[in-house]
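Shown next, in C-alpha cells, is the structure this report addresses.
The values are calculated or read from the model by the stated rules, or taken from the named source; none is laboratory data. A quick note: this is a predicted structure, and the numbers were derived from the prediction, not measured. Note that each Cβ is placed from the backbone with ideal geometry, even for glycine, and that neighbours are counted across all protein chains shown. The area values use the complete protein model at the heavy-atom level, side chains included, leaving out ligands, DNA and RNA. Shrake-Rupley method; radii C 1.70, N 1.55, O 1.52, S 1.80 Å.
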Amino acid sequence: MELISGKALSAARKAEMAKEVEQYKAQYGRAPQLTVVLVGEDPGSVSYVTGKAKAAAEVGIDNVTLRKPAETTEAELLALIDSLNNDDTVDGILVQLPLPKHMDSDKVIAAIRHDKDVDGFHPANVANLWLKQPCVLPCTPKGIIQMLKSANIEISGKRAVVIGRSTIVGLPVSKLLLDENATVTIAHSRTKDLAAVCREADILVVAIGRPKFVTADMVKPGAAVIDVGVNRDPETGKLCGDVDFEACAPLSSHITPVPGGVGPMTITCLMENTLECYLRKMKG
Ligand code: NAP
C-alpha cells in the first residue's frame, strides 16, 4: 500500500507556484489577488478561510478576506460581488459556502464573474466543464486527478466508482475521470448493493460525508482509494474520512489519508485557479 500524501504534494506544488508568482510579479507589476468573502461566523468556514489565507501567503498571492455579519442581506452581498467583479485588481473571488439560510447560494455564485470564479462553481464554468471547453475547474475534483497522476495511477480504461453525486465533488470528479478515459459509475444513497458496485472499482472515490462508511468488504484488492470525506469520528472526536482507513489501507494499492489527503490539495488547486485567472487577464 502506498499513501498518497496531499500534504506533501501540496507543499511541492506551492513551492513551485511561489517561484512562478515571483516571476509573474516582476513581469506584470503586481501579484495575483484573491478576495474571499465570509458571511457569518460558522466555525468550519472560519477555519477554511484561514487555511486559504495561509496558502495564499505561502504562494505569494495577495489575499483579502472580507468578513461580513450573518445579518448581511442578499442585496448587500450581491452589491459587494458587483464591486469586486468590476475591480481590476481582483483576480479571484470566492464566497465561502455555506451562506446563511436567508440567501440563495445559486444566485450569489451566479453573480460572480465566471472568469473570477476560482471555485469553478459558476454555471458557465460548470457548463464548460461538461462541454469540454476551457473553464475554471472545481478545486477538489481537480486535486483528486492530480493526486492520481502524481502516484502514476493509470486512469485510462480503468473502472472508477465515485460514491456521491454532489455538484461540487461527485459529479465533476466523475466527469474528469471520464475525460481521462475511465469507465465511471456514480453511486449514491439509492444505489442497490453498494458494496458489490464498489468492489468493481480500480479507482474508488468516496465523497459522502459519513465517518468510516467504506469498509474492507467494499474495496477490491489493489484498488486506489481516494477519501474526500471530512468528518468527526463519533467515538474519538478526531477528524476522519468516509473510508475506514485502518481496515481498507492494507487492501488498497494507494490510499489518501484524512487529514492530509484531498483537503490540502483542494486549497492548493484554489491557488492554481487564482493564478490561472490572473494569467488569463494579464495575457489578455
Ligand atoms: P453532499 O452534497 O452532502 O453529498 C453527499 C453525497 O453522498 C450525496 O450524493 C448522497 O447521495 C451520497 N450519500 C450519502 N449517504 C450515502 C450512503 N449511505 N450511501 C451512498 N451514498 C450516500 O456532500 P459533498 O459536498 O459532496 O461532500 C462529501 C464529503 O466530502 C463531506 O464530508 C465533505 O465535508 C467532504 N468535502 C471535502 C472536501 C475537501 O477538500 N477535502 C471538499 C468538499 C467536500 P444522494 O444524492 O442520493 O443523497
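Reducing region 1-35 and region 52-121 to their Cα centroids gives an inter-centroid distance of 21 Å. Out of region 146-228, which trypsin sites (Lys or Arg not before Pro) are coil in DSSP terms and have no more than 14 other C-beta atoms within 10 Å? Sparse-neighbourhood loop trypsin sites (Lys or Arg not before Pro): 190, 192.
Amide H contacts of residue 239 (H built 1.01 Å from N, in plane; Pro and chain starts excluded): 233 sit under 5 Å, all sequence-distant by 5 or more or on other chains. Which one, 213, 121, 245, has the greatest fluctuation when you compute a Gaussian network model over the chain with C-alpha springs under 10 angstrom? Highest fluctuation among the options: 213. Geometric descriptor of region 1-132, per residue, is 147 Å³ (volume of the convex hull of the Cα atoms). Label-to-label distance for residue 185 and residue 239 is 3.1 nm, based on points extended 7 Å past Cα in the beta-carbon direction.
Only the Cβ atoms of Lys and Arg (+1) and of Asp and Glu (-1) were treated as charged; on that basis the dipole of the chain about its Cα centre amounts to roughly 340 debye. Give, to the nearest whole percent, the P(r) tail of region 163-277 beyond 16 angstrom, counting all Cα pairs. Of all Cα-Cα distances in region 163-277, 61 percent exceed 16 Å. Between residue 214 and 243, 244, the built amide H atoms are under 5 Å apart, and every one of these is 5 or more places off in sequence or on another chain.
Across the chain, the relative contact order, built from alpha-carbon pairs under 8 Å that are at least six residues apart, equals 21 percent.
Between the amide H of residue 187 and those of 162, 163, 164, distances stay under 5 Å, these residues lying 5 or more places away or on another chain, with hydrogens modeled in the peptide plane. Cys residues of the chain that find no other Cys beta carbon under 4.7 Å: 135, 198, 240, 248, 277.
Solvent-accessible area of the chain (1.4 angstrom probe, protein heavy atoms only): carbon and sulfur portion equals 54 percent. Shown is the FRET efficiency for residue 75 and residue 216, computed with R0 = 35 Å from the Cβ-Cβ distance and rounded to the nearest 0.05: 0.10. Spatial offset of region 253-278 relative to region 123-141 amounts to 17 Å, using the alpha carbon center of each. The calculated P(r) of the chain, using every Cα pair and 5 Å bins from 0, goes 1, 6, 12, 16, 18, 16, 14, 10, 5, 2, 0, 0 in percent. The helix-only estimate of mean residue ellipticity at 222 nm for the chain, built from DSSP H runs of length n ≥ 4 each weighted as -39500 (n - 2.57), is -13500 deg cm²/dmol after division by the residue total.
I'd like to check one number: the per residue accessible area of the chain, probe 1.4 Å, reported in Å² as a whole number.
With the other protein chains kept in place, the chain gives 47 Å² per residue.
Orientation-averaged projection of region 7-74 equals 5.5 nm² [convex hull of Cα atoms, one quarter of hull surface area]. Heavy-atom accessible area, probed at 1.4 angstrom with all protein chains present, ranks 253, 10 as 253, 10, highest first.
Using a cutoff of 8 angstrom between alpha carbon atoms and counting only pairs six or more residues apart, the relative contact order for region 29-113 works out to 41 percent.
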